[in-house]
Amino acid sequence: MDDKLQHFDRSEMDYEPPFLETYKTLVQKHVGDSNWSSIEERCDIPLIDLGRLSVDREECMKEIAEAAREWGFFQVVNHGIQPELLKNLQIEQKKVFYQPFKNKSTQVNFCSSLSAKAYRWGNPFATNLRQLSWSEAFHFYLTDISCMDQHQSLRSILEAFTRRMFSLAESLGEILACKMNTKSNFFQEHCLPKTSFIRLNRYPPCPLSSKVHGLLPHCDTSFLTIVHQDHVGGLQLLKDGKWVGVNPNPLALVVNIGDLFQALSNGVYKSIKHRVVATEKVERFSTAFFYCPLEDAVIKSHIKPPLYRKFTLKEYRQQTEKDVKQSGDKVGLSRFLL
């Protein structure tokens, strides 16, 4: 390892996951690999003012559907979540991530009923640096929030945040369903608070920022994902075969279509591959809300001819788990093409 890596390795910040120690073999084997190609292009994804739904509803709905078809991503403002709530959420989120790593990895003083997989970092299946995500996350269902007795402030803020996010996701889902002539009550019947989940993300400074991802390229499983990110940036999406950076807007929420909605819409709405790049000197925080159905809900498009065979969320997850264990990567919706 060079001096820069050793400097990071000797960090006294005990809340940092031990990336360099754990993945020492990968680092030594691949540290000489070529760097990422520099990406200069940045973009402003469609920005939609949801306040217009009350004064020009049809036109606003049309903009939402067009963004879902052409980009698979869009940002929303006047979304009903107050800036003060978002600010307080980030403060409490930092407190959780700044706990000693030992406490995070064993979930000491967090939530005794969370599964062992709630705290995640790196990629235990990585076979090279390209498959390593330099990030950590707490990943849990909305129903787990009520058990966070050791973090009352975080619990209170998350409860308020997720109530609003769930309502927003349901409204957007119904709008998109309406624009493709699908029953809008599908989401009310199959997407419940207990089936959606939230992910608190932290992307630590990375000495290998030109060789690893902050988060691996992927498409989301959900119907919709709604993300609040800070001012740092780093989110990139694959547009017309090129990676482009999304300009951060801390006042807006980023919405993207997931694989389940692409399948339900028969490919009308696009689930776009995206990633987060690692940065050398600054950390990045984001909070992602995943709007998902019951595990046994059947995902089937009524648009003919169908592109995908019908499947359940449980089947999708089982296939994803199998693919990740075998190759280190998620294959996704293409597994269900007819």
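The values are calculated or read from the model by the stated rules, or taken from the named source; none is laboratory data. All values derive from a computational prediction rather than experimental measurement. Every residue, glycine among them, receives a Cβ derived from its backbone with ideal geometry; neighbour counts consider all protein chains shown.
Would the range 201-214 turn up any residue that is in contact with a helix residue (DSSP H, G or I) (Cβ under 6 Å, 6 or more places away or on another chain), of a type outside the set (Lys, Arg), assigned to a strand (DSSP E or B) and at pLDDT 95 or above?
No: the range 201-214 contains no residue that is in contact with a helix residue (DSSP H, G or I) (Cβ under 6 Å, 6 or more places away or on another chain), of a type outside the set (Lys, Arg), assigned to a strand (DSSP E or B) and at pLDDT 95 or above.
Return yes or no: is Phe290 of a type in the set (Phe, Trp, Tyr) and farther than 24 Å from Leu132 by Cα?
no
Only one of (1) surrounded by fewer than 19 Cβ atoms within 10 Å (Cβ to Cβ); (2) farther than 17 Å from His139 by Cα; (3) touching a residue at least 12 places away in the same chain (Cβ under 8 Å) is not met by Pro193, so which one is it?
It is condition (2) that Pro193 fails.
Given Gly214, Gly245, Gly233, Gly241, which one is in contact (Cβ under 8 Å) with a residue 40 or more places away in the chain, on the phi > 0 side of the Ramachandran plot and of a type outside the set (D, E, K, R)?
So the residue among Gly214, Gly245, Gly233, Gly241 that is in contact (Cβ under 8 Å) with a residue 40 or more places away in the chain, on the phi > 0 side of the Ramachandran plot and of a type outside the set (D, E, K, R) is Gly233.
Hey, can you tell me all the residues within the range 131-150 that are modelled with pLDDT under 85 and farther than 25 Å from His79 by Cβ?
Once the filter is applied, which keeps residues that are modelled with pLDDT under 85 and farther than 25 Å from His79 by Cβ, the range 131-150 yields Cys147, Asp149, Gln150.
Quick one: Gly258 ticks every box in (1) buried (at least 18 other Cβ atoms within 10 Å of the Cβ); (2) in contact (Cβ under 8 Å) with a residue 40 or more places away in the chain except a single one, so which number is it?
(2)
Out of all the residues in the range 119-153, which are surrounded by 17 or more Cβ atoms within 10 Å (Cβ to Cβ) and part of a helix (DSSP H, G or I)?
Leu129, Arg130, Gln131, Leu142, Asp144, Ile145
Keeping to the range 303-328, report how many residues are modelled with pLDDT under 90, in a loop (DSSP other than H, G, I, E, B) and surrounded by 13 or more Cβ atoms within 10 Å (Cβ to Cβ).
2
Looking at this structure, is Thr225 in contact with an Asp or Glu (Cβ under 6 Å, 6 or more places away or on another chain), among the polar types (S, T, N, Q) and either closer than 25 Å to Pro306 by Cα or buried (at least 24 other Cβ atoms within 10 Å of the Cβ) (or both)?
So Thr225 fails the test.
So which residues in the range 182-215 are closer than 22 Å to Tyr98 by Cβ and touching a strand residue (DSSP E or B) at 6+ places or on another chain (Cβ under 6 Å)?
Within the range 182-215, Ile198, Arg199, Leu200, Asn201, Arg202, Tyr203, Gly214, Leu215 qualify.
Restricting to the range 199-244, and then to whatever is within 10 Å of the chain's Cα centre (by Cα) and of a type in the set (S, T, N, Q), can you tell me which residue is nearest to Leu168 (Cα to Cα)?
Only one residue tops the list, namely Thr225.
Any idea which of (1) outside any loop (DSSP other than H, G, I, E, B); (2) surrounded by 12 or more Cβ atoms within 10 Å (Cβ to Cβ); (3) more than 16 Å from the chain's Cα centre (by Cα) is the one Val331 doesn't satisfy?
(1)
Provide a single number: the residues in the range 14-50 that are farther than 14 Å from Val212 by Cα and at pLDDT 70 or above.
Count: 18.
Give the residue, chosen from Leu85, Leu53, that is at pLDDT 90 or above, surrounded by fewer than 18 Cβ atoms within 10 Å (Cβ to Cβ), over 22 Å from Gly234 (Cα atoms) and under 20 Å from the mean Cα position of the chain (by Cα).
Of Leu85, Leu53, the one residue that is at pLDDT 90 or above, surrounded by fewer than 18 Cβ atoms within 10 Å (Cβ to Cβ), over 22 Å from Gly234 (Cα atoms) and under 20 Å from the mean Cα position of the chain (by Cα) is Leu85.
I'd like to verify a number: residues in the range 67-89 that are part of a helix (DSSP H, G or I), over 13 Å from Val255 (Cβ atoms) and not basic (Lys, Arg), how many?
7
Out of Leu224, Leu172, Leu176, Leu216, which single residue is in contact with a Lys or Arg (Cβ under 8 Å, 6 or more places away or on another chain), aliphatic (A, V, I, L, M) and within 22 Å of Trp71 (Cβ to Cβ)?
Leu216
State whether one or more residues within the range 154-173 are in contact with an Asp or Glu (Cβ under 6 Å, 6 or more places away or on another chain), under 19 Å from Ile45 (Cβ atoms), in contact (Cβ under 8 Å) with a residue 40 or more places away in the chain and crowded, with 18+ Cβ neighbours inside 10 Å.
No, every residue in the range 154-173 fails to be in contact with an Asp or Glu (Cβ under 6 Å, 6 or more places away or on another chain), under 19 Å from Ile45 (Cβ atoms), in contact (Cβ under 8 Å) with a residue 40 or more places away in the chain and crowded, with 18+ Cβ neighbours inside 10 Å.
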